Amino acid sequence: MLFKVGQVLYATLLSVAVHNMETEKEKTKNAGDLYDAIVVGAGPAGASTALFLAKSSRRVLLLDKSSFPREKVCGDAFSGKSLGVARDLGLLPEIERMPHGIVRGLLMVAPNGKKVTVPFPNATGLEFAGYTVERRHIDNMFFAAALANKNITVHQNFNFTALIRDEQGRVCGVSGKDVISNKEQTFHSRVVVGADGAASLVSRLLSLPNSPIEHVYSAIRGYWSGVEGLSENIELYFIDGVLPGYLWIFPMEGKRANVGLGILSSDVIKGKKHPNTILLDAIAHHPLLATRFANAKIEGRIGAWAIPNGSYIKKNFGDGWVLVGDAASLVDPFSGEGVGNALSSGKFAAQAIDAAIGKFPGIEPLSADSLSPYSHEVDVKLRPEMVDSYNLQKLSRYRFLLNLFIGKAADKPEVRQMMVNMIGSDSEKKQANSPLFYFKLLLP
Ligand SMILES: Cc1cc2nc3c(=O)[nH]c(=O)nc-3n(C[C@H](O)[C@H](O)[C@H](O)COP(=O)(O)OP(=O)(O)OC[C@H]3O[C@@H](n4cnc5c(N)ncnc54)[C@H](O)[C@@H]3O)c2cc1C
């Protein structure tokens with residue numbers, strides 16, 4: 001009896017499946033080309049999503065309004081976390097062929113001018129901690145890998161303008177304009193990935209609130225050549241008017257440096273000086289910088305862009321969509337490092353999308369429920385570090401604490417090591433929230 005019920009059930013399911021396949025074929029035909037995923041934005045987050053999906057043989061449409069190689073305002077530091085994802089994608093050797101600097105350690109300067117230098121731990125498999133590489137090179141490396149991948153259709157110069165929704169309100173595609181031909185185009189997919197950066201239009205069209213200004217850095221950077229005293233250390237200057245942010249000098253190849261600063265946007269509004277003025281004043285007058293920049297020349301202009309921090313927790317998935325990278329507000333709130341989390345979130349999104357398609361084959365938009373493992377992965381793998389970094393950011397508002405940390409680190413090797421771990425990505429940031437930590441710091 002049980003067997004017969006099973007047979008009937010099987011026959012019914014089979015006929016439903018055949019019927020579904022036919023309607024699916026029909027719908028696919030009607031919808032034009034149905035992609036597994038459309039990724040809007042081909043920066044690190046979008047390229048990573050596309051490349052990991054392609055590794056799982058999923059069909060991806062990768063769109064970007066720019067033409068690559070394109071510039072991106074950034075500090076150009078490529079950390080161990082970023083290197084890990086580049087390694088997963090087999091791209092590590094490419095970086096060596098680009099103009100680059102090598103990072104081995106960190107110089108930190110307190111508001112009172114006290115300074116300390118600490119080595120970073122080496123990145124896995126390398127004899128140093130990371131690179132500095134102009135973003136136009138590094139982003140083009142990921143973009144070129146996507147371009148060469150047969151599972152990825154790339155459309156650059158495509159300005160995304162609208163989300164397409166089905167009758168149930170689920171996101172099922174995008175439309176926009178080819179900026180060269182001026183032609184409007186619409187594409188359909190099972191999921192749309194918003195990887196369109198800090199000013200994400202995908203996010204806005206989903207009616208998600210922008211990251212509040214107290215969770216966003218306004219950051220600027222320029223390139224200087226002829227800077228004296230550069231080494232293989234990145235340099236952070238905690239200066240008044242910028243805290244809890246900092247001014248950085250990141251050594252590039254030759255005597256070039258990427259020099260910039262990040263100030264919380266809520267403080268920029270309250271402050272009297274433009275960030276560019278603060279940067280140029282510091283270079284001209286800071287006792288540790290003025291002589292080093294005396295003969296240095298700026299190349300081009302100072303660029304500015306927003307850094308949406310992971311201290312703001314933003315919804316990152318729904319029916320037929322996910323957000324990755326800056327679009328999902330995933331930058332480290334203390335260091336301002338965002339490329340590592342952008343690449344990692346792309347990898348996690350691809351894994352979740354691949355699993356969801358495997359579990360629910362067909363043509364329907366992927367449900368929020370089926371995409372929720374992405375958000376869970378972000379919460380487990382990226383969130384704890386961002387929470388700790390946010391606590392560190394809040395402490396860095398107090399110049400006396402920075403003077404104390406950096407002063408003690410200059411004198412005590414064990415405090416130096418603790419600070420390396422805090423600035424790096426791995427652990428020990430939690431210690432900064434423990435009363436015992438301050439007690440230990442205050443000990444002679
Ligand atoms: C001054 C500054 C310094 C920084 N320094 C560092 C650093 O040293 N190290 C670090 O790790 N991080 C740093 N960051 C953060 C880092 O730049 C970002 O976290 C990172 O770029 C996020 O990658 P993403 O792919 O999410 O977005 P993006 O790199 O911004 O890429 C988004 C892409 O989407 C495309 N796009 C946007 N709108 C549309 C549209 N309508 N249609 C089609 N395409 C669209 C854009 O053209 C772009 O290619 C810095 C940021 C700033 C502003």
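Scanning region 328-351 for residues that are aliphatic (A, V, I, L, M) and under 22 Å from G90 (Cβ atoms) turns up V339, A342, L343, A349, A350.
Annotation for region 71-86: no member residue is within 7 Å of the ligand (Cβ to nearest atom), in contact (Cβ under 8 Å) with a residue 60 or more places away in the chain, among the basic types (K, R) and farther than 26 Å from F250 by Cα. D369: of a type in the set (D, E) and crowded, with 18+ Cβ neighbours inside 10 Å, yes or no? It is false that D369 is of a type in the set (D, E) and crowded, with 18+ Cβ neighbours inside 10 Å.
Test D369 against the criterion of being over 21 Å from L51 (Cα atoms), assigned to a helix (DSSP H, G or I), more than 8 Å from the ligand (Cβ to nearest atom) and more than 9 Å from the chain's Cα centre (by Cα), and give yes or no. The answer is yes for D369. For residues that are at pLDDT below 95 and closer than 28 Å to A148 by Cα, scanning just region 100-129, find the one that is farthest from the ligand (Cβ to nearest atom). Ranking the candidates gives G125 first. Does S389 satisfy being of a type in the set (S, T, N, Q), more than 20 Å from P44 (Cα to Cα) and either surrounded by 24 or more Cβ atoms within 10 Å (Cβ to Cβ) or within 16 Å of the ligand (Cβ to nearest atom) (or both)? Yes. Residues in region 335-348: is at least one part of a loop (DSSP other than H, G, I, E, B), under 16 Å from P384 (Cα atoms) and touching a Cys at 6+ places or on another chain (Cβ under 9 Å)? Checked against the condition, which is being part of a loop (DSSP other than H, G, I, E, B), under 16 Å from P384 (Cα atoms) and touching a Cys at 6+ places or on another chain (Cβ under 9 Å), region 335-348 yields at least one hit.
When we screen S66, S48, S57 for residues that are outside the structural domain of L247 (by TED's automatic domain parsing) and surrounded by fewer than 16 Cβ atoms within 10 Å (Cβ to Cβ), the only hit is S57. If the condition is being surrounded by fewer than 20 Cβ atoms within 10 Å (Cβ to Cβ) and among the charged types (D, E, K, R), then region 188-225 contributes R204, E214.
Reported count of residues in region 302-332, each being away from the ligand (no atom under 12 Å from the Cβ) and under 12 Å from the mean Cα position of the chain (by Cα), is 0. Flag: F334 does not match the condition of being over 28 Å from A145 (Cα atoms), surrounded by fewer than 18 Cβ atoms within 10 Å (Cβ to Cβ) and either in the same structural domain as S189 (by TED's automatic domain parsing) or of a type in the set (K, R) (or both).
In summary, I249 fulfils each of the numbered conditions (1) away from the ligand (no atom under 12 Å from the Cβ); (2) crowded, with 19+ Cβ neighbours inside 10 Å with the single exception of condition (1). Residues of region 354-366 being of a type in the set (G, A, S) and part of a helix (DSSP H, G or I), which ones? The answer is A355, A356, G358.
From the residues in region 87-131 that are in contact (Cβ under 8 Å) with a residue 24 or more places away in the chain, among the polar types (S, T, N, Q) and part of a loop (DSSP other than H, G, I, E, B), which one is farthest from A45 (Cα to Cα)? In this case the residue turns out to be N112. In the set (1) within 12 Å of the ligand (Cβ to nearest atom); (2) part of a helix (DSSP H, G or I), the condition left unmet by D281 is number (1).
For region 187-208, give me the residue count where each residue is in contact (Cβ under 8 Å) with a residue 12 or more places away in the chain and more than 14 Å from the ligand (Cβ to nearest atom). Let's see the steps before the verdict.
First, pick out the residues of region 187-208 that are in contact (Cβ under 8 Å) with a residue 12 or more places away in the chain: 187-203, 205-206, 208.
Next, from what is left, pick out any that are more than 14 Å from the ligand (Cβ to nearest atom): 188-191, 208.
Residues meeting the conditions: 5.
Elements of the type strands (runs of 3 or more DSSP E) sitting completely within region 132-187 and holding at least 3 residues that are surrounded by fewer than 16 Cβ atoms within 10 Å (Cβ to Cβ) and not assigned by TED's automatic domain parsing to the domain that holds L106: these cover 158-165.
The values are calculated or read from the model by the stated rules, or taken from the named source; none is laboratory data. In this text the structure is predicted, and so the values were computed from the model without any measurement. With ideal geometry, Cβ positions are generated from the backbone for all residues, glycine too; neighbour counts draw on all protein chains shown.
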